[in-house]
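Student: First the structure, which I've put down as structure tokens, then a few questions once you've had a look.
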Amino acid sequence: MRIRWLGWLGVVGLTAAGLTLGLLARRVLLGKIGAITATSRAIVAGDLSKRIGRDGSADEFDQLAGNLNDMLARIEGLMSALREVSVLFAAAIGAFVIGGAIESSGLAARLTAAVARRARTTSQLFWLTTFALIPLTFLIPSTSGRAAAALPALKMLPPTGQGGQRKAYA
């Protein structure tokens, strides 16, 4: 009878210990997974600066958090580079739109005719063209934008050198 009672006590004790260890393991695992889940939700919402906290235990979850943080840093860098390229691309498109508008409005032809009428030498043509284009510096901050806007006028400059060369293109 006593052995049977000890057997049941052992079964109950082992069951209680197993349940306690299971609940503790569940709490630890769910806590680590919860931290990863909360951070991933913030990232999905658009905050790429978030990182998953590491506890320094070097277990699989800590290594996973480190790998995900490295991946997020790389993605954040790529997104930043993509934004920079997008801005440059938009500026280039805008510059060519401005250049096309200047050409189609006839402004390039009028500006070129006014400069060419006043210039008597290639040197004068160069300096008058330069002074005529200086206001573009204040209107169009992008160098390539200014070049695209000035190109229609520069293409209309009259040939001034031997063999029809446009020496004022310096």
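The values are calculated or read from the model by the stated rules, or taken from the named source; none is laboratory data. Remember, it's a predicted structure, so these values are computed and weren't measured experimentally. All Cβ positions, even for glycine, are placed from backbone atoms using ideal geometry, and neighbour counts span all protein chains on display. Surface areas here come from the heavy atoms of the whole protein model, side chains and all, with no ligands, DNA or RNA. Shrake-Rupley method; radii C 1.70, N 1.55, O 1.52, S 1.80 Å.
Student: Select, from THR130, THR122, the only residue that is over 30 Å from GLY46 (Cα atoms), among the hydroxyl-bearing types (Ser, Thr, Tyr) and touching a residue at least 12 places away in the same chain (Cβ under 8 Å).
Tutor: Every option except THR122 fails the conditions.
Student: Further, regarding this structure: Would you mind telling me which numbered condition in (1) on the phi > 0 side of the Ramachandran plot; (2) modelled with pLDDT under 75 GLY106 fails?
Tutor: Going through (1) on the phi > 0 side of the Ramachandran plot; (2) modelled with pLDDT under 75 one by one, GLY106 breaks only (2).
Student: Sort out which residues of the range 51-89 are outside any helix (DSSP H, G or I), open to solvent by 90 Å² or more (accessible area, probe 1.4 Å) and of a type outside the set (Asp, Glu), and write them in order of number.
Tutor: ARG54
Student: Another question, then. How about the range 112-146: which of its residues are of a type outside the set (Lys, Arg), open to solvent by less than 60 Å² (accessible area, probe 1.4 Å) and closer than 30 Å to VAL87 by Cβ?
Tutor: THR129, THR130, ALA132, LEU133, LEU136, ILE140, SER142, GLY145, listed by residue number.
Student: Scan the range 57-98 for residues that are of a type in the set (Gly, Ala, Ser), in contact with a helix residue (DSSP H, G or I) (Cβ under 7 Å, 6 or more places away or on another chain) and closer than 30 Å to GLY31 by Cβ and jot them down.
Tutor: Selection gives ALA65 alone.
Student: Among residues belonging to the range 1-39 that are open to solvent by less than 50 Å² (accessible area, probe 1.4 Å) and touching a helix residue (DSSP H, G or I) at 6+ places or on another chain (Cβ under 9 Å), point out the one that is farthest from ASP62 (Cα to Cα).
Tutor: Here the residue is THR39.
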